[in-house]
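Please see the structure below; I have some questions.
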Amino acid sequence: MKIAIIGFGGMAGHHNKYIIPRLNDSDYPEKLEIAGIYDISEERKDVAKSLGLHCFNSPEEIYSDESIKIVLVTTPNDLHLPYVINALNHNKHVICEKPLALNSEEVKLMYETAKKTGKVFEVHQNRRWDNDYLTIKNIYDKNIIGDIYQIESRVMGSNGIPGSWRRVFAQGGGMMLDWGVHLIDQMLEMIPYKITSIYCTYSYQAKEEVDDGFDLQVRFENDLLYRIVVDTNCYHELPRWQVYGKDGTATITTWKGNLVEGKVSKVNLYKDDKLEGIEAGNGFTKTMAKRRNETIDELPLEVIMGDKNAFYRNFMNAILNNEETIVKEEQVLRVFKVMETAYKSAKTNEVIKEII
Ligand SMILES: NC(=O)c1ccc[n+]([C@@H]2O[C@H](COP(=O)([O-])OP(=O)(O)OC[C@H]3O[C@@H](n4cnc5c(N)ncnc54)[C@H](O)[C@@H]3O)[C@@H](O)[C@H]2O)c1
């Protein structure tokens, strides 16, 4: 099945080099052939040519080629809407990179068009299959450290906002749209409860017109507090995940490629009569003293490996066998509702109490 790519930048390069070949190398019976790319940048066209890819002269050339069944949209965020709508209206199935759009109104418009044209349309929320996320979700689902009352999902860098368009508000820049959309999607997939309130602060350390990070606190109806922190100006990393259960704590520190490392501790003796106090700072404390090892069981970290072909296989099955798409409109709209409420909270510095 032929696929064409619109916007051949960093992420499109990743689809071309890793994601599509991986599906083709798997035992999935249908294969994808990249018919070519369209990009406005001469430099990117040269890169595409050097990789043996055909360069179309216009998006219309792609739309009018009936042998091309799928269009992959990997442009800056503000261009997703026109390309998605045009491709759908020209009878193409469409995969669009995240964030699907700049706001929920655009999201609705895209899905309306997909329904009208009957084409398969899905946003590439690839981080649903991240090993670190699935490993934490497994701890949550199996109640391994008792009832979980707080989750911290944190990504930290010190390289500022990358690239050029990610710094421009009108182009859909900023870290909420860039990383927030992934981490909120993971949260909503993990926690099967309604949200009752949201508080968020944005960071503007880079003095750009868009956020270079944020701290989002989401309260669920079961009282769980889920905190998402994105930082691009931090030189010492905190754990990717810290999960607080009534009977233990789970931490993930390493999430590089397939390697996931961390620690899961579960208490076996809550009140330890033999606990000794420590000197801390200019004082003495038992409260903050390290527990005796005998009172804690270190559990193995059961690493769950995500199926890296799941997204494309599902997309192909949706075309070929009418399978339901995994990433659904109502899920995308809920993620946007959280992002939009977070923005409102950050602007007003208020906790927004709303059932989401
Ligand atoms: N799912 C993921 O893990 C992931 C990771 C990175 C990026 N993304 C998403 O992929 C998209 C692209 O991000 P990127 O990092 O590759 O950006 P990029 O800047 O590297 O690539 C964008 C490309 O679009 C091209 N372009 C600009 N205007 C165009 C136009 N009018 N018509 C056609 N092409 C045009 C640019 O020349 C560039 O080659 C964004 O939506 C981003 O959020 C997703």
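Every read-out reported here was derived from the displayed coordinates using simple, explicitly stated rules and does not represent laboratory data. Since the structure is predicted, the reported quantities are computational estimates derived from the model, not experimental observations. Neighbour counts run over all protein chains shown; Cβ positions are idealised from the backbone, glycine included.
Which residues' amide hydrogens lie under 5 Å from the amide hydrogen of residue 150, considering only partners 5 or more residues apart or on another chain, with H built in the peptide plane?
HN-HN under 5 Å from residue 150: 225, 244.
OK, next. Can you give the angle from 0 to 90° between the axis of helix 104-117 and the longest principal axis of the chain, with both taken from C-alpha atoms, to the nearest 10?
Between helix and principal axis, roughly 50 degrees.
Okay, next question. Please identify every one of the GluC sites (Glu not before Pro) in the stretch 249-356 that sits in a loop by DSSP and has no more than 15 other beta carbons within 10 Å of its own beta carbon.
Passing sites in the stretch 249-356 are 276, 302, 323, 324, 350, 354.
Nearest 20 debye, what's the magnitude of the dipole of the stretch 2-124 about its Cα centre given +1 on Lys and Arg Cβ and -1 on Asp and Glu Cβ?
It works out to roughly 240 debye.
Can you find, among 38, 24, 48, the residue farthest towards the positive end of the dipole of the stretch 2-124? Put +1 on the C-beta of Lys and Arg, -1 on that of Asp and Glu.
Projecting each Cα onto the dipole axis, the largest value belongs to 24.
Would you calculate the volume per residue, in Å³, of the smallest convex hull containing every Cα atom of the stretch 2-124?
In the stretch 2-124, the Cα convex hull volume per residue is 98 Å³.
Scattering from the C-alpha atoms of the stretch 1-52 alone, worked out with Debye: what is log10 I(q)/I(0) at q = 0.14 1/Å?
Log-scaled intensity ratios, in q order: -0.36.
Exactly which chymotrypsin sites (Phe, Trp or Tyr not before Pro) in the stretch 251-356 are in a DSSP loop and have at most 11 other Cβ atoms within 10 Å?
270
Now a separate question. Count the lysine pairs in the stretch 2-124 whose Cα atoms lie under 14 Å apart, taking only pairs 8 or more positions apart in sequence or on different chains.
11
While we're on this one: Give me the number: length gained by fully extending residue 60 to residue 43, i.e. 0.36 nm times residue separation minus the C-alpha to C-alpha distance, one decimal in nm.
Full extension of this stretch gives 4.0 nm more.
At 222 nm, what helix-only mean residue ellipticity would the chain give, in deg cm²/dmol to the nearest 500, using -39500 (n - 2.57) for each DSSP H run of four or more?
Working: 10 runs with 103 residues, N = 356.
Helix-only estimate at 222 nm: -8500 deg cm²/dmol.
In the stretch 231-257, whose amide N lies under 12 Å from the spot 7 Å out along Cα-to-Cβ of residue 206? List them in ranges.
From the stretch 231-257, the list is 231-234.
Note down the relative contact order for the stretch 238-300 as a percent, whole number, built from C-alpha pairs under 8 angstrom at least six residues apart.
Relative contact order here is 26 percent.
PRE reach from residue 22 (point 7 Å along Cα→Cβ): which of the stretch 130-152 fall under 18 Å by backbone N?
The answer is 130-136.
List 236, 15 from most exposed to least, where exposure is judged by having the fewest other Cβ atoms within 10 Å. Mind showing how you got there, number by number?
On the way: 236 6, 15 22.
With the sparsest Cβ surroundings first, the list reads 236, 15.
Over the stretch 2-124, what is the relative contact order in whole percent, taking alpha-carbon pairs under 8 Å and six or more residues apart?
Relative contact order of the stretch 2-124: 24 percent.
Taking neighbour counts of Cβ atoms within 10 Å as a proxy for exposure, in what order, fewest first, do 69, 17 appear?
So the ranking, lowest neighbour count to highest, is 17, 69.
Moving to a separate point now. Can you give the relative contact order of the chain as a percent, counting alpha carbon pairs under 8 Å and 6+ residues apart?
Once divided by the residue count of the chain, the mean separation gives 17 percent.
Based on the Cα coordinates of the chain, what is the per residue volume of their convex hull in Å³?
162
So the label point goes 7 Å from the Cα of residue 355 along Cα→C-beta, right? Which residues of the stretch 180-211 then have their backbone N under 13 Å from it?
Of the residues in the stretch 180-211, 194-197 have backbone N under 13 Å from the label point off residue 355.
Next up: Once amide H atoms are placed 1.01 Å from N in the peptide plane, what residues at a sequence separation of 5 or more from residue 123, or on another chain, have their amide H within under 5 Å of its amide H?
Amide H neighbours of residue 123: 96.
Treat every Asp and Glu Cβ in the chain as -1 and every Lys and Arg Cβ as +1, leave all other atoms uncharged, and give the resulting dipole magnitude about the Cα centre to the nearest 20 debye.
Working: 44 positive and 53 negative charges, 62 e Å.
Approximately 300 debye in magnitude.
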